[in-house]
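For reference, the structure is listed below as structure tokens.
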Amino acid sequence: MPENTDFNVLYEQYKSMVYNLCLKYLQNIEDAEDVTQEVFIAIHNSIHTFKGESKLSTWIYRIAVTRSLEFLRAKNRKKRFAFFQTIFSNEKGEIKIEALHFHHPGVQLENKERAGVLFAAIDQLPESQKTAFILSKLEDLSYTEIALVMKISVSSVESLLFRAKQNLQKILGDYYEKNEK
């Protein structure tokens with residue numbers, strides 16, 4: 001019984017952090033809830049492998065990021081398949097930023113569209129840039145903590161964030177140039 005009690009304490013302490021991180025990646029409440037559950041199942045099943053070489057929160061972030069990215073990869077595979085089914089009926093092959101499907105409970109209604117555009121742009125970043133950006137700007141982790149979560153050097157984190165900002169400026173600049181006329 002004490003082991004289960006310990007897990008309940010761990011769950012209560014980290015459930016909001018995990019859920020909010022998953023929500024930032026997945027941008028969908030139901031998907032974030034599902035992945036959060038998967039994260040805690042993974043934690044429960046592998047807590048005995050935690051060696052204490054990093055902080056527990058870093059280890060949990062790593063699991064949450066991995067599960068979120070796995071979910072997105074699976075979802076993107078389904079989207080690609082659907083895209084290839086409709087490619088011959090589609091006249092344009094341009095990437096569209098869709099803000100209408102963004103639902104985050106912490107975003108005020110008047111900022112919903114802008115937040116949706118921003119999260120859609122973040123979603124277009126390469127995986128490593130997206131992870132570094134979310135952990136830095138949305139989760140407010142230090143470069144050292146991000147390096148531990150991603151298992152890379154601090155200088156690599158700095159480089160990823162620099163490229164992510166450049167890419168976001170281009171994506172958002174292109175979007176607003178086309179849509180603000």
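Bear in mind these aren't lab numbers, they're just calculated from the coordinates by the rules spelled out. It should be emphasised that the depicted structure is a prediction, and the values quoted were computed from it without experimental measurement. Methodologically, a virtual Cβ is constructed for each residue, glycine included, from the backbone with ideal geometry; neighbour enumeration extends over all protein chains shown.
Packing here is the average count of other Cβ atoms within 10 Å per residue, and on that basis the peptides 161-173, 54-66, highest first, run 54-66, 161-173.
How much length would be gained if the chain were fully extended between S155 and R77, taking 0.36 nm per residue of separation minus their Cα-Cα distance, in nm to one decimal?
The span from S155 to R77 would gain 24.9 nm if fully extended.
If R0 is 22 Å, the Cβ-Cβ spacing of L56 and E127 corresponds to a FRET efficiency of close to 0.35.
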